[in-house]
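Note sheet for the following structure.
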Amino acid sequence: MPEISVIIPSYNRATLLGRAVASVQAQDFKDIEILIIDDGSTDNTLEVVAGLQGNESRIRLVQHSKNRGEAAARNTGLREARGNFIAFLDSDDSWMEGKLHRQYAALKEAGADTAAVVTGYIAVSPDGTRNYVDGWHFYHEISVRNLLVRGCAIGLGGCMLIRRKAALAAGPFDENLPLYVDVDWFCRFLDKHRVISINEPYTVYYKASLRDGTFVETAAKIFVEKNAALIERFPRSERRLIFAQLHENVAVSHKANGNRGGFRRALIRSLIANPKRRPGVYVELIESILGLNLRQPILHALGRKSDENSGDRMP
């Protein structure tokens, strides 16, 4: 049996799948199986996989007869996996060399009471800009509270290595949720298991366009309704922070899709829930209302003031 099962859910990504698989093949940790879960693709995914299998015995293809969604594809992967450890990889992303070896060693060193390890990632924008995402989970406890209050920037679809028994104990991904599937599952996982982090980038995440803000808002309501009992476990002050984060997610989606009105409404709701936000959030709101770019003049003024102060200190 392989030590690690790499699960790659894919739907109509024939042009990208090869890059993801190649990054797994390039890992120096070789005791793996590569499970490609084809979620009812209508492109030439099967042809691509057949070509990949031609010189790679570790690749196994599992097909859905119709498209059932990412949650269902991940559940199929969990059922089919034979390894002691699980690593998910989204079919449009890739890994950097040494990723599995680094995580496997960290889990072995941490001991059996640690169920998973997460690394950092590099985000690639459509224009090719690359930025290392320095997430909160490198500086704060990875807990249900922090996940809900600070947002799910952990990257379940590429950044984690998980003990298989712990993953199965958390239960299946909810196939009825339109969004927040990762957060929902991770809340259940963190309720019983310890997760550690490695502040090093090992995943390359290629940014895609964000969902419509109205869709995200509806999905957030469904998530809250399902997890009402979980959220009620926190004091009122903490619940306000959770709702502020959810409203901010909606605002970000509206902004990305050019819906200024939706952006303002969601951001105001976020600020009402948690007024103690960084000043930049208020600046964004004022900019949206006035239709002005205030940040550059402010930054320019602050920079010039800093230069003046520095000059005053010169001998």
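The values are calculated or read from the model by the stated rules, or taken from the named source; none is laboratory data. These figures come from a predicted structure and were not determined experimentally. Cβ placement follows ideal geometry from the backbone for every residue including glycine, while neighbour counts extend to all protein chains displayed.
A compact table of results
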| item | result |
| --- | --- |
| Matching residues, segment 249-280, being crowded, with 19+ Cβ neighbours inside 10 Å and hydrophobic (A, V, I, L, M, F, W, C) | Val250, Ala251, Phe263, Ala266, Leu267 |
| Residue that is surrounded by the most Cβ atoms within 10 Å (Cβ to Cβ) [pool: residues in segment 228-248 that are of a type in the set (Asp, Glu) and at pLDDT 95 or above] | Glu238 |
| Cross-chain or 6+ apart pairs with Cβ under 7 Å, segment 90-106 first and in contact (Cβ under 8 Å) with a residue 12 or more places away in the chain, then part of a helix (DSSP H, G or I) and among the hydroxyl-bearing types (Ser, Thr, Tyr) | Ser94/Ser23; Trp95/Ser23 |
| Segment 166-191 - residue that is of a type in the set (D, E, K, R) and touching a residue at least 24 places away in the same chain (Cβ under 8 Å) and, of those, surrounded by the fewest Cβ atoms within 10 Å (Cβ to Cβ) | Asp191 |
| Lone qualifier among Ser65, Ser57 - being touching a residue at least 24 places away in the same chain (Cβ under 8 Å), assigned by TED's automatic domain parsing to the domain that holds Gly171, in a loop (DSSP other than H, G, I, E, B) and surrounded by fewer than 19 Cβ atoms within 10 Å (Cβ to Cβ) | Ser65 |
| Single unsatisfied condition, Asp28 versus (1) over 24 Å from the mean Cα position of the chain (by Cα); (2) without any contact (Cβ under 8 Å) to a residue 60 or more places away in the chain | (2) |
| Selection from segment 154-183 of residues that are part of a loop (DSSP other than H, G, I, E, B) and either in the same structural domain as Ile231 (by TED's automatic domain parsing) or farther than 18 Å from Trp95 by Cβ (or both) | Ala170, Gly171, Pro172, Phe173, Asp174, Glu175, Asn176, Leu177, Pro178, Leu179, Tyr180 |
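So that you can scan it fast, the table gives a plain yes or no per residue for (1) in contact with an Asp or Glu (Cβ under 8 Å, 6 or more places away or on another chain); (2) among the aromatic types (Phe, Trp, Tyr); (3) on the phi < 0 side of the Ramachandran plot:
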{"site": "Ala14", "(1), (2), (3)": "yes, no, yes"}
{"site": "Gly18", "(1), (2), (3)": "no, no, yes"}
{"site": "Gln25", "(1), (2), (3)": "yes, no, yes"}
{"site": "Asp31", "(1), (2), (3)": "yes, no, yes"}
{"site": "Ile36", "(1), (2), (3)": "no, no, yes"}
{"site": "Gly40", "(1), (2), (3)": "no, no, no"}
{"site": "Val48", "(1), (2), (3)": "no, no, yes"}
{"site": "Gly54", "(1), (2), (3)": "no, no, yes"}
{"site": "Ser57", "(1), (2), (3)": "no, no, yes"}
